1. Tally time: how many residues in the stretch 4-22 are farther than 19 Å from VAL98 by Cβ and either touching a Phe, Trp or Tyr at 6+ places or on another chain (Cβ under 8 Å) or within 16 Å of the ligand (Cβ to nearest atom) (or both)?
2. Can you name the residue in the stretch 32-51 that is surrounded by fewer than 20 Cβ atoms within 10 Å (Cβ to Cβ) and free of Cβ contacts under 8 Å to residues at least 40 places away in the same chain and, of all such residues, is farthest from the ligand (Cβ to nearest atom)?
3. Could you list all residues from the stretch 92-116 that are more than 7 Å from the ligand (Cβ to nearest atom) and either of a type in the set (Lys, Arg) or more than 17 Å from the chain's Cα centre (by Cα) (or both)?
4. What number goes with the only condition from (1) within 14 Å of the ligand (Cβ to nearest atom); (2) free of Cβ contacts under 8 Å to residues at least 12 places away in the same chain that PHE29 does not pass?
5. Before we move on, is GLY66 within 16 Å of the chain's Cα centre (by Cα), without any contact (Cβ under 8 Å) to a residue 60 or more places away in the chain, closer than 23 Å to MET1 by Cβ and surrounded by 15 or more Cβ atoms within 10 Å (Cβ to Cβ)?
6. Which of (1) surrounded by 15 or more Cβ atoms within 10 Å (Cβ to Cβ); (2) away from the ligand (no atom under 13 Å from the Cβ); (3) assigned to a helix (DSSP H, G or I); (4) not acidic (Asp, Glu) is the odd one out, the single condition LYS76 does not satisfy?
7. Name the residues in the stretch 90-127 that are hydroxyl-bearing (Ser, Thr, Tyr), outside any strand (DSSP E or B) and more than 17 Å from LEU63 (Cβ to Cβ), would you?
8. Among (1) modelled with pLDDT under 95; (2) within 7 Å of the ligand (Cβ to nearest atom), there is one condition GLU126 misses while meeting the rest; what is its number?
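The values are calculated or read from the model by the stated rules, or taken from the named source; none is laboratory data. Predicted model only: the values in this text are computed from it and were never measured. Virtual Cβ from ideal backbone geometry, glycine too; neighbours counted across all protein chains shown.
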Amino acid sequence: MNAAAFAHHPEQGSLTQRDLDDRKAEPWFDPAGFFLAFRGDELVGFHWTKVHAEEGLGEVYVLGVGPGAQGGGLGKALTTIGLRHLAGQGLPTAMLYVDADNKAAVSVYERLGFVTHEVDLMYRTET
Ligand SMILES: CC(C)(COP(=O)(O)OP(=O)(O)OC[C@H]1O[C@@H](n2cnc3c(N)ncnc32)[C@H](O)[C@@H]1OP(=O)(O)O)[C@@H](O)C(=O)NCCC(=O)NCCS
């Protein structure tokens, strides 16, 4: 599902089962904050949240909706469920990283009230 949702993204899209297993073995991993959406038996989306306990900060760590299920409100619903979970942990603030040209994701996040905190610039040259 991650590979399908992030097919356009070289780094996130190439995450393997092994990478997932490694992250699940990290001390911060909390299965209660990893939400999966099913339509019948089919996995159609997920929202993996992360808690930065020292900073009192929640994170939309990875959000993905399968290509066939996009545009139907699932991304918004999954984000909301994860944010409720983070708020329920007593975290007053949530953050995330998103590429500025990812119009669908930026739109979901802005509609849910996120604002830009910091902008990183990346330069590239044609070779
Ligand atoms: C980003 C993503 C999760 C959004 O999920 P989705 O289910 O398609 O989004 P929704 O249907 O819930 O849309 C929520 C809102 O965003 C808007 N939106 C969705 N796609 C949009 C697009 N391409 N351009 C502009 N607005 C868009 C919708 O109109 C909707 O607005 P509304 O609240 O007024 O109805 C999904 O596109 C995805 O998985 N993309 C690939 C992975 C990815 O980039 N994840 C985020 C990484 S930070």
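1. Count: 1.
2. Only one residue fits best here, namely ASP41.
3. PRO92 - this is the single residue of the stretch 92-116 that is more than 7 Å from the ligand (Cβ to nearest atom) and either of a type in the set (Lys, Arg) or more than 17 Å from the chain's Cα centre (by Cα) (or both).
4. With respect to (1) within 14 Å of the ligand (Cβ to nearest atom); (2) free of Cβ contacts under 8 Å to residues at least 12 places away in the same chain, PHE29 is out only on (1).
5. Values: within 16 Å of the chain's Cα centre (by Cα): yes; without any contact (Cβ under 8 Å) to a residue 60 or more places away in the chain: no; closer than 23 Å to MET1 by Cβ: yes; surrounded by 15 or more Cβ atoms within 10 Å (Cβ to Cβ): yes.
Taking the combined requirement at face value, the residue does not satisfy it.
6. (2)
7. THR116, TYR123, THR125, THR127
8. (2) is the only condition that GLU126 fails.
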